[in-house]
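Shown next, in structure tokens, is the structure this report addresses.
The values are calculated or read from the model by the stated rules, or taken from the named source; none is laboratory data. Note that the structure is a prediction, hence the values are computed from the model and not measured. As a convention, Cβ positions derive from the backbone with ideal geometry for all residues, glycine included, and neighbour counts pool all protein chains shown. Please note that ligands, DNA and RNA were not included when accessible areas were found on the heavy atoms of the full protein model with its side chains. Shrake-Rupley method; radii C 1.70, N 1.55, O 1.52, S 1.80 Å.
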Amino acid sequence: FYEKLAQKYPKREAIFESLGFAYGEIKQYARSADNYEKAIKLGSKNEVMYHNLAFAYSKLGKEKEAIRFYEKITPPTKQTLAAIADYYLREKKYAKAISYYQKIVKLEPKKASSYASLGMAYAASRNPDKAIEYYLVALKYEKEDDDIYANLGDAYEKKGLYEEALKAYKTAYEINPDTKVGPRIPRLRIKMMQK
């Protein structure tokens, strides 16, 4: 039906938006993206369409195109900001990633995950001081997250603060004996004894 409408009214952006949505619903993401792009060329600036187009591109493995449309969504949601920040973090564009994680903190100032993500971005950018600062803030809101303690311990260890690192690793292990840093505890103890 939408295909017939698109042939009859090739200048109506709403038809191509609907056609893009319909193709997205049946998981034909390439066709979905093509129709959303046609709607944009015709002048559409629909925020929901930008989100759906970004989603279609991400399903097609075209992250760069997806991010281009996630960045157009206003006001941004936590999910869109997280998708953008995670992309820039993977691309090693740390300053951009950090700026988007900071926006998440402004949206959700009382969520541990917001501060933990910002800490991870600072850790990736080789700034353990800032990473530690944000991990500690995250722990004010969530004291039972072994990943935050594990990442905090890693940041302390990178700074050579082995006692603090060991304490954070032990706490992570107490919360979750399967924590990724469990094997580091005996290794760090040996390192501390050698010094």
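Annotations
- Debye, to nearest 20: dipole size of the range 77-118, +1 on Lys, Arg Cβ, -1 on Asp, Glu Cβ: 80 debye
- Carbon and sulfur %, accessible surface of the range 11-78 computed with the full protein complex present, 1.4 Å: 52 percent
- Cα-based helix-to-principal-axis angle, 128-141 vs the chain, degrees rounded to 10: 80 degrees
- Against the rule of thumb 2.2 N^0.38 Å, how large the Cα Rg of the range 35-147 comes out: 1.19
- Sparse-neighbourhood loop sites, trypsin sites (Lys or Arg not before Pro) in the range 96-134 - DSSP loop, at most 10 other Cβ within 10 angstrom: 110, 126
- Springs between Cα atoms under 10 Å define the GNM used for the chain, and in it the highest mean-square fluctuation of 121, 168, 14 occurs at 14.
- Look at the dipole of the range 26-114 built from charges on Cβ: of 52, 114, 36, the Cα furthest out on the positive end belongs to 114.
- Cα gyration tensor shape for the range 4-53, rounded if a/c is under 1.5, else prolate or oblate: oblate
- The residues of the chain have, on average, 60 Å² of accessible surface per residue, using a 1.4 Å probe with all protein chains present.
- As a fraction of the 1.4 Å probe accessible area of the range 139-179, surface on carbon and sulfur atoms comes out at 41 percent.
- The range 77-195 has equivalent-ellipsoid semi-axes of 27, 15, 11 Å, by the square roots of 5 times the alpha carbon gyration tensor eigenvalues, sorted largest first.
- Choice from 123, 95, 131 with maximal GNM fluctuation in the chain (Cα, 10 Å cutoff): 95
- If a spin label sat at a point 7 angstrom from the Cα of residue 144 along the line to its beta carbon, the backbone N atoms of the range 167-186 nearer than 12 Å would be those of 175-176.
- Residue of 89, 161, 139 that the Gaussian network model of the chain assigns the largest fluctuation, springs spanning Cα pairs under 10 Å: 161
- The charge dipole of the range 82-164, taken about the Cα centre with unit charges on the Cβ atoms of Lys, Arg (+1) and Asp, Glu (-1), comes to about 580 debye, rounded to the nearest 20.
- Report summary: the helix-based calculation at 222 nm, which adds -39500 (n - 2.57) for every DSSP H run with n ≥ 4 and divides by the residues of the chain, gives -23500 deg cm²/dmol.
- Length added when fully stretched, residue 189-residue 30, from 0.36 nm per residue minus Cα-Cα: 51.9 nm
- One Cα centroid belongs to the range 32-69, the other to the range 95-145; the line between them spans 29 Å.
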